[in-house]
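A.B. asks: Have a look at the structure that comes next, please.
Bear in mind these aren't lab numbers, they're just calculated from the coordinates by the rules spelled out. None of these values were measured; they are calculated from a predicted model. Methodologically, a virtual Cβ is constructed for each residue, glycine included, from the backbone with ideal geometry; neighbour enumeration extends over all protein chains shown.
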Amino acid sequence: MLDIRLIRENTDLVKQRLAHRSGDYASVVDELLSIDTARRSAETERQKLQGDRNRISKDIGIAKKNGQDTSPIEAEVRGINDRIEEIGRDADAADIRQRDLLLSLPNLPHEACPVGHSAEENPEVRVWGDKPSYDFEPKDHTILGQTLGMLDFEAGAKITGSAFVVYRGAGARLERALINFLLDLHTTQHGYLEVNTPHLVKAECLVGTGQLPKFGDQVYHSPEDDLYLIPTAEVPVTNLHREEILKVEQLPIQYAAYTPCFRREAGSAGLGTRGLIRMHQFDKVELVKITAPEVSMAELESLTANAEKVLQLLGLHYRVIELCTGDIGFGSAKTYDIEVWAPGQGTYLEVSSCSNFGDYQARRMNLRYKGEDGKNRFPHTLNGSGTALARLFVALVETYQQADGSILIPEALRSHFGADKIS
RNA sequence: GGUGAGGUGGCUGAGUGGUCGAAAGCACAUCUUUGCUAAAGAUGCGUAGCCUUAACAGCUACCGAGGGUUCGAAUCCCUCCCUCACCGCCA
């Protein structure tokens with residue numbers, strides 16, 4: 001959520017930054033400004049009337065004590081109350097409208113975020129390793145997975161539907177080994193605290209991180225309980241501190257969490273979504289940071305490095321790209337994507353998206369910290385996958401496949417997996 | 001799911017219709033004094049909005065949430081939520 005005062009006082013700057021995003025928000029800003037003016041004038045009027053009422057009511061109490069007849073002034077207060085109610089309706093309506101508009105406005109891209117219109121303009125930041133070469137035709141993970149009895153897409157479709165999968169045998173074990181490997185790495189080497197959160201959350205959590213109200217059609221919802229299946233651990237983990245005032249000594253807060261993620265993927269079904277690459281449910285280890293504003297950009301770099309370490313240890317070739325203003329997510333001010341090479345696909349797969357949200361999410365969830373000077377401030381929130389499992393699984397089995405159809409387990413994963421190959 | 005108790009400021013905890021945004025204590029901050037591994041005293045110390053501003057100040061709202069009664073609600077009424085205890089059920 002943007003600060004209404006920033007919009008009021010630096011309208012041009014706000015419009016100019018938003019203009020770099022895809023989508024047109026100038027008219028929303030204009031409506032916001034006129035609603036804000038109306039809201040404040042109604043609010044001022046209401047508060048003045050409430051002040052009148054409070055004063056006169058006190059007088060009534062005193063007059064009654066003195067045994068005086070108070071019925072004329074009581075009638076006067078009733079008249080004031082009618083006007084308070086009337087003007088209050090305007091003030092409340094404007095307030096609700098203003099909040100709705102603010103929630104529908106995306107974050108301002110940071111000045112460090114490269115300007116561009118679409119994914120084609122995302123600059124490549126760095127590349128690690130090389131594309132592996134094979135003296136045979138590398139197979140797709142769906143072939144490998146089914147041949148080795150690791151992946152059963154038919155069973156997934158049978159019990160739930162398309163874009164759900166059943167991991168079996170070595171596949172299930174590999175998935176579990178990867179989760180443990182990731183959590184162990186981030187908690188013992190990178191200083192994150194492991195948390196294990198509910199997979200169902202209240203609507204306000206999704207508002208807090210930005211999925212609601214705008215992207216409600218992308219999340220699974222249980223109407224009886226008004227609970228939502230989490231699309232990412234970012235939601236429960238970042239909201240752990242919603243409505244709180246943190247102490248400055250608590251910062252930075254660093255959490256790592258494994259959860260399954262549930263996504264409806266409305267409108268994108270069947271589009272280049274072979275195998276594990278785009279599922280309605282997938283596992284992910286998420287990294288979340290809450291930091292002081294001054295250090296958030298540096299923390300984004302370290303968070304991204306923490307995610308990259310995963311791929312380095314597993315020996316997987318990857319590249320890091322920076323999302324341009326036309327491609328960054330709704331709430332993000334700056335984002336790096338990490339894309340791992342999948343030889344069977346002949347393409348890079350996004351396995352991590354590391355973003356600095358600035359104070360955008362903190363404002364939405366009213367998360368603050370008390371600064372050195374005793375003033376309450378909004379901290380910055382960051383998160384990134386560390387990493388998404390399904391696609392990491394794809395890259396791993398496709399990269400380490402052998403001519404005989406077996407799969408080597410990279411050194412770093414062997415103690416977690418308990419074997420050095422799958423055959 | 002049942003029964004009972006309860007939800008007040010960072011914490012403890014008063015407060016059952018009128019000058020209560022809320023006593024007192026603790027914690028915290030600044031200052032003073034005595035002096036030294038501490039003590040005493042003074043002052044300050046919630047959140048948000050509005051209006052102003054160089055700053056201060058002022059006003060309004062908030063005592064779990066939402067409604068209601070009233071000229072006036074932390075206080076009375078209704079609904080809901082949550083916490084704790086015991087019982088039931090259960091992985």
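A.B. asks: Take chain A, mark every one of the GluC sites (Glu not before Pro) that falls in a DSSP loop and has at most 11 other Cβ within 10 Å, then report the longest stretch left between them, sites excluded.
C.D. replies: A:244-371
A.B. asks: Any chance you could tell me what percent of the C-alpha pair distances in segment A:218-297 go past 19 Å?
C.D. replies: Details: 1663 of 3160 pairs.
For segment A:218-297, the fraction of Cα-Cα distances above 19 Å is 53 percent.
A.B. asks: On each of the three principal axes of the Cα atoms of segment A:1-65, give max minus min coordinate, whole Å, ordered largest first.
C.D. replies: 66, 16, 15
A.B. asks: Okay, moving on. On a 0 to 90 degree scale, rounded to 10, what angle separates helix A:169-188 from the longest Cα axis of chain A?
C.D. replies: For helix A:169-188, the angle is close to 60 degrees.
A.B. asks: Hey, got a sec? Which trypsin sites (Lys or Arg not before Pro) in segment A:224-286 land in a DSSP loop and have at most 14 other Cβ atoms within 10 Å?
C.D. replies: Working: sites: A:Arg242, A:Lys247, A:Arg263, A:Arg264, A:Arg274, A:Arg278, A:Lys284; in loops: A:Arg242, A:Arg263, A:Arg264, A:Arg274, A:Arg278.
Counting only loop positions with at most 14 other Cβ atoms within 10 Å, the trypsin sites (Lys or Arg not before Pro) in segment A:224-286 are A:Arg274.
A.B. asks: Specify the angular offset, from 0 to 90 degrees and rounded to the nearest 10, of the alpha carbon long axis of helix A:296-314 from the longest principal axis of the alpha carbons in chain A.
C.D. replies: Helix A:296-314 sits at roughly 20 degrees to that axis.
A.B. asks: How much space per residue, in cubic angstrom, does the convex hull of the C-alpha atoms of chain A take up?
C.D. replies: 176 Å³
A.B. asks: Also, quick follow-up: Ranking A:Ile407, A:Ile73 by Cβ neighbours within 10 Å, fewest first, what do you get?
C.D. replies: Placing the least packed residue first, the sequence is A:Ile73, A:Ile407.
A.B. asks: Kindly express, to the nearest 10 degrees and within the range 0 to 90, the angle between helix A:389-399's C-alpha long axis and the longest C-alpha principal axis of chain A.
C.D. replies: 20 degrees
A.B. asks: Next up: Just report the Cα centroid separation between segment A:304-358 and segment A:162-188, whole Å.
C.D. replies: When both Cα centres are located, 19 Å separates them.
A.B. asks: Same structure again: Work out the charge dipole of chain A with +1 on the Cβ of Lys and Arg and -1 on the Cβ of Asp and Glu about the Cα centre, then indicate which of A:Gln189, A:Ala42, A:Phe136 is farthest towards its positive end.
C.D. replies: The listed residue farthest towards the positive side: A:Ala42.
A.B. asks: Using a cut-off of 15 Å between alpha-carbon atoms, which aspartates and glutamates can reach A:Lys139, once sequence neighbours fewer than 8 places away in the same chain are excluded?
C.D. replies: Within the straight-line cut-off, A:Lys139 pairs with A:Glu398, A:Asp404.
A.B. asks: Sticking with this one: How large is Rg/Rh for segment A:8-128, to two decimals, with Cα atoms and a Kirkwood Rh?
C.D. replies: Expressed as Rg/Rh, it is 1.34.
A.B. asks: Follow-up. Pairs A:Lys214/A:Lys370; A:Lys289/A:Lys370; A:Lys158/A:Lys214; A:Lys284/A:Lys309: which are spaced more than 21 Å apart, C-alpha to C-alpha?
C.D. replies: Violating the 21 Å limit, Cα to Cα: A:Lys214/A:Lys370; A:Lys158/A:Lys214.
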